[in-house]
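Asks: Let me begin by handing over the structure; questions about it come next.
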Amino acid sequence: MSTPFLPVLPLLARRAEHRDASWTNALTAAFAGRAEVRAFEQLSEAERQATEIAIVADPDPAQLEHLPNLKWVHSLWAGVERLVGELDRPDLDIVRLSDPRMADIMAEAVLAWTLYLHRDMPIYARQQQQKIWAEADYVLPEDRRVTILGLGYLGSAAAYRLLTNGFSVRGWSRTQKSLAGIDCHSGEDGMQKVLTETDIAVILMPLTQDTRGIINAQSLAMLPAGAQLINFSRGPLIDDAALLASLDSGHLKHAVLDVFDKEPLPRDDPYWTHPGVTVLPHVSGPTTQKSSAEVVAENVQTWWETGELPGSLVDRNRGY
């Protein structure tokens, strides 16, 4: 009795930990006997020639050139700016990861660190260092205006999590969105309106040519004095010099930063020691192997059965 043909999908990643056995095993398990996933280096020449789909995690673009019949790639990450920028293959479709579990995890992080700022944790931490016993004025959640900048898959989930916890929530996106219970705005005028009415701004927009440096001296000045900021998206969205100047002047009260232009954050970076900054090591929205592998397997299986790519197909013109 002959053994049925089992498709082999390559996993391409620059970093060894993203293509190790834990990832290939999780992905293979998610395919439940319908395919096997191996690191690119383990594929035979014949398997490389037969490859139509590759799973990628910030891959070396040169390796993709060894897959001449490749039709599309599925990213293991939600952020695809590096892949879009480096992949000089306009004929190649890119699918980003849209994992419901990741959206839940990100929404949890947004709620946690919004509460951190809402309940004045940075103030109490400084007071403890100085042995000061003093109570900050309490603000009701419904009187705390929280703005989500970026109402995509992750931003929408975060907005609803904040709404269900009693906060006054508004949002901004490049194109107009409609979310029940969320005051939604778009465009330049919309950005100015939401920023001027914000107590805590949460950045969750993708990094593109249009959004790079979008949080700059001008946009920071639109925020009311004493506003606070959370960046859980990408570091280059923020003009670092402008942010530090706003913090130093006292206009911006505090910033929680999980992402940076250079990661890991260099030891001599001023963010480490600034009293108005909380530094996190890119932990707000980690990819979970099991759930992300299941999403990839489902999307690939759908394409095999119908020829249709998933809704998380990247628009190269927009960059996400």
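The values are calculated or read from the model by the stated rules, or taken from the named source; none is laboratory data. Just so it is clear, the model here is predicted, and its values are computed rather than measured. With ideal geometry, Cβ positions are generated from the backbone for all residues, glycine too; neighbour counts draw on all protein chains shown. For the accessible areas, the whole protein counts, side chains as well, though only heavy atoms, and no ligand, DNA or RNA atoms are used. Shrake-Rupley method; radii C 1.70, N 1.55, O 1.52, S 1.80 Å.
Asks: Can you give the net charge of the other residues whose Cβ lies under 9 Å from the Cβ of ARG234, counting K and R as +1 and D and E as -1?
Replies: Working: positive: ARG212; negative: GLU81, ASP261.
Its environment carries a net charge of -1.
Asks: Just to verify a number: FRET efficiency for THR306 and LYS262, C-beta to C-beta distance, R0 = 45 Å, to 0.05? Can you show the working numbers first?
Replies: Values: r = 42 Å, r/R0 = 0.94.
Working from the Cβ atoms, E equals 0.60.
Asks: Moving on. Mean residue ellipticity at 222 nm from the helices of the chain, using -39,500 (n - 2.57) per DSSP H segment of n ≥ 4 over the full residue count, to the nearest 500 deg cm²/dmol? Write out the running numbers ahead of the final one.
Replies: Numbers: 11 runs with 112 residues, N = 320.
About -10500 deg cm²/dmol.
Asks: Moving on to the next point. How charged is the neighbourhood of LYS71? Take every other residue with its Cβ under 10 Å from the Cβ of LYS71, and add Lys/Arg as +1 and Asp/Glu as -1. Intermediate values should be presented prior to the final figure.
Replies: Details: positive: none; negative: GLU52, ASP91, ASP93.
Value of the local net charge: -3.
Asks: Still on this structure, please answer the following. Could you work out the per residue convex hull volume over the alpha carbons of the chain, in cubic angstrom? Mind showing how you got there, number by number?
Replies: Details: hull volume 49.4 nm³, N = 320.
Residue-normalised Cα hull volume stands at 154 Å³.
Asks: Further, regarding this structure: In the chain, what percent of the accessible surface is made up of carbon and sulfur (1.4 Å probe, ligands and nucleic acids excluded)? Walk me through the numbers on the way to the answer.
Replies: Details: 8040 of 15910 Å².
Carbon and sulfur together cover 51 percent of it.
Asks: So, R0 is 25 Å and r is the distance between the beta-carbons of ARG34 and HIS66; what FRET efficiency does that work out to, to 0.05? Can you show the working numbers first?
Replies: Numbers: r = 24 Å, r/R0 = 0.97.
Efficiency, from the Cβ-Cβ distance: 0.55.
Asks: Next up: Would you kindly calculate the translational diffusion coefficient of the range 52-107, applying Stokes-Einstein with the Kirkwood radius from alpha carbon pairs, for 25 °C and a viscosity of 0.890 mPa s, and quote it in µm² s⁻¹ without decimals? Please list the in-between numbers first.
Replies: On the way: Rh = 12.0 Å.
It diffuses with D of about 205 µm²/s by this estimate.
Asks: In nm, to one decimal, how far is the LEU163 label point from the TRP133 one, both placed 7 Å along Cα→Cβ?
Replies: My value for the distance between the label points is 4.4 nm.
Asks: Can you give the Rg to Rh ratio for the range 131-272, taking only C-alpha atoms and Rh from Kirkwood? The partial results should precede the final answer.
Replies: Numbers: Rg = 15.2 Å, Rh = 15.7 Å.
So for the range 131-272, dividing Rg by the Kirkwood Rh gives 0.97.
Asks: While we're on this one: At a Cα cut-off below 17 Å, give the aspartates and glutamates reachable from LYS290, other chains included and same-chain residues fewer than 8 away excluded.
Replies: Cross-link targets: GLU17, ASP20, GLU36, ASP99, ASP104, GLU298.
Asks: So, one more: Please go through the range 104-196 and write out the trypsin sites (Lys or Arg not before Pro) that DSSP classes as loop and that have at most 16 other C-beta atoms within 10 Å. Kindly include the intermediate steps, with their values, before the conclusion.
Replies: Numbers: sites: ARG119, ARG126, LYS131, ARG144, ARG145, ARG161, ARG170, ARG174, LYS177, LYS193; in loops: ARG119, LYS131, ARG144, ARG174, LYS177.
Of the trypsin sites (Lys or Arg not before Pro), the ones in loops of the range 104-196 whose Cβ has at most 16 other Cβ atoms within 10 Å are ARG119, LYS131.
Asks: Which distance in nm do the two modelled labels at ALA221 and THR273 give, with both placed 7 Å along the Cα-to-Cβ direction?
Replies: Distance between label points: 3.0 nm.
Asks: Mind checking the per residue accessible area of the range 195-276 for me, 1.4 Å probe, whole number of Å²?
Replies: Numbers: 3590 Å² over 82 residues.
Averaged over the residues of the range 195-276, the accessible area is 44 Å².
Asks: Could you state the number of Å between the C-alpha centres of the range 94-119 and the range 40-63?
Replies: 31
Asks: Considering only the other residues whose Cβ falls under 13 Å of the Cβ of LEU179, what net charge follows from Lys and Arg at +1 and Asp and Glu at -1? Please list the in-between numbers first.
Replies: Details: positive: ARG161, ARG170, LYS177; negative: ASP183.
Taking every Cβ under 13 Å from that of LEU179, the sum is +2.
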